[in-house]
1. Among 112, 88, 107, which is of a type in the set (D, E, K, R), touching a residue at least 40 places away in the same chain (Cβ under 8 Å) and out of contact with any Pro (no Cβ under 8 Å at 6 or more places or on another chain)?
2. With basic (Lys, Arg), at pLDDT 95 or above and within 13 Å of the ligand (Cβ to nearest atom) as the only criterion, which of 124, 128 stands out?
3. Would you call residue 118 touching an Asp or Glu at 6+ places or on another chain (Cβ under 7 Å), surrounded by 15 or more Cβ atoms within 10 Å (Cβ to Cβ) and farther than 25 Å from residue 200 by Cα?
4. Return the only residue of 37, 18, 67 being within 16 Å of the ligand (Cβ to nearest atom), touching a strand residue (DSSP E or B) at 6+ places or on another chain (Cβ under 8 Å) and in contact (Cβ under 8 Å) with a residue 60 or more places away in the chain.
5. Can you work out which of the residues in segment 49-84 that are of a type in the set (Gly, Ala, Ser) and closer than 19 Å to residue 28 by Cα is surrounded by the most Cβ atoms within 10 Å (Cβ to Cβ)?
6. Being of a type in the set (A, V, I, L, M, F, W, C) and outside any loop (DSSP other than H, G, I, E, B) is the filter here, so list the residues in segment 131-157 that pass it.
7. Would you pick out the residues in segment 77-117 that are more than 16 Å from the ligand (Cβ to nearest atom) and assigned to a helix (DSSP H, G or I)?
Amino acid sequence: MQTKLTKLLGIQYPIIQGGMAWIADASLASAVSNGGGLGIISAMNADAEWVRGEIRKCRSMTDKPFGVNIMLMSPYADEVAQMVAEEKVAVVTTGAGNPSRFVKAWKEAGVKILPVVASTALARMVERAGVDAVIAEGGESGGHVGDLTTMALVPQVADAVHIPVVAAGGIADGRGMVAAFALGACGVQMGTRFLVADECTVSDVYKQKVLAAKDISTTVTGRRLGHPVRAIKTAYMNAYAKLEADSNYPDEKLEAFGAGSLRKAAKDGNVEEGCFLAGQIAGMVNKRQPAAEIIQDVMRKAEEMMEGVKWEL
Ligand code: TUI
């Protein structure tokens, strides 16, 4: 299936893997790229040399294009941004901020730029800055979320910009992909479904949490500190929500309570203190599979549904 996204990135299928902090490493990224999608290494809160190491590892595991996700709230965002230009990485996706200040350096290095946006305002701003496409991510997604749903955001972003739009948030199968196409997207980004990929190195406890999740198993906390994140409900998440609602509990202590919780979930499988980020679609993710097989499953269903349909993608 060819779309504006596959042509832009030189990939086989219009599927980008989400840039999941503490999870999306060279192992998962190379497996997704080898499966015909676009694998992504998460730069999370790591320094440039750590990310460079993952890029080199990924290059030894695939000859297909892959990308790096830069979380713009990271204290290392600037040095990582410069390093990906030096390394001439094929693609950069960004999250949790406006990447306009890096666009010139990345374009000069031939890096394709796909910022994640949660509003039409940011979509217009980054289009004006010269990016190649936008990823419109609705609040069904796991991790840092905006206010709008995918259903409402994607068509409004598609109307607001002239560059290709990728849909994200709540998409985990062929039906979601076709729905995204119907809303004006020419590709999808999936995170939650790839959490249970065989090549995903996240803790086994994390995979079990996703596999056991049902439709109402996730919730959003962190609004009080300005960084709402969606994660699977656990005793820890309930405790955080209680402290967050207690106006006598100071912000600094709340921040300390949340510190390190992503790493504890992803690396240690620590159920007591870990924050297991996942999207609302986790209830539908029930099977461990190789990443390439996930991509094949999604594409088979989408292509079956698209038979005879003449949309310009
Ligand atoms: O970034 C994500 N998802 C993430 S980042 C992350 S790491 C983290 N750790 C602790 C606290 C918070 C985050 C885990 N998951 N998705 C992309 C995304 N970007 N969603 C929402 C946005 C967004 C929101 C506001 C992008 C831009 C924005 O406005 C920035 C501006 O300057 O207008």
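1. 112
2. 124
3. yes
4. None of the others qualify; the one that does is 18.
5. That would be 67.
6. 134, 135, 136, 151, 152, 153, 154, 157, listed by residue number.
7. 79, 82, 83, 84, 85, 86, 104, 105, 106, 107, 108
To keep it simple, each residue is scored yes or no on (1) surrounded by fewer than 19 Cβ atoms within 10 Å (Cβ to Cβ); (2) aliphatic (A, V, I, L, M).
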{"site": "187", "(1), (2)": "no, no"}
{"site": "192", "(1), (2)": "no, no"}
{"site": "243", "(1), (2)": "yes, yes"}
{"site": "262", "(1), (2)": "no, yes"}
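The values are calculated or read from the model by the stated rules, or taken from the named source; none is laboratory data. Just so it is clear, the structure is predicted and the values come from calculations on it, not from any experiment. No Cβ is skipped: glycine too gets one built from the backbone with ideal geometry, and neighbour counts run over all protein chains shown.
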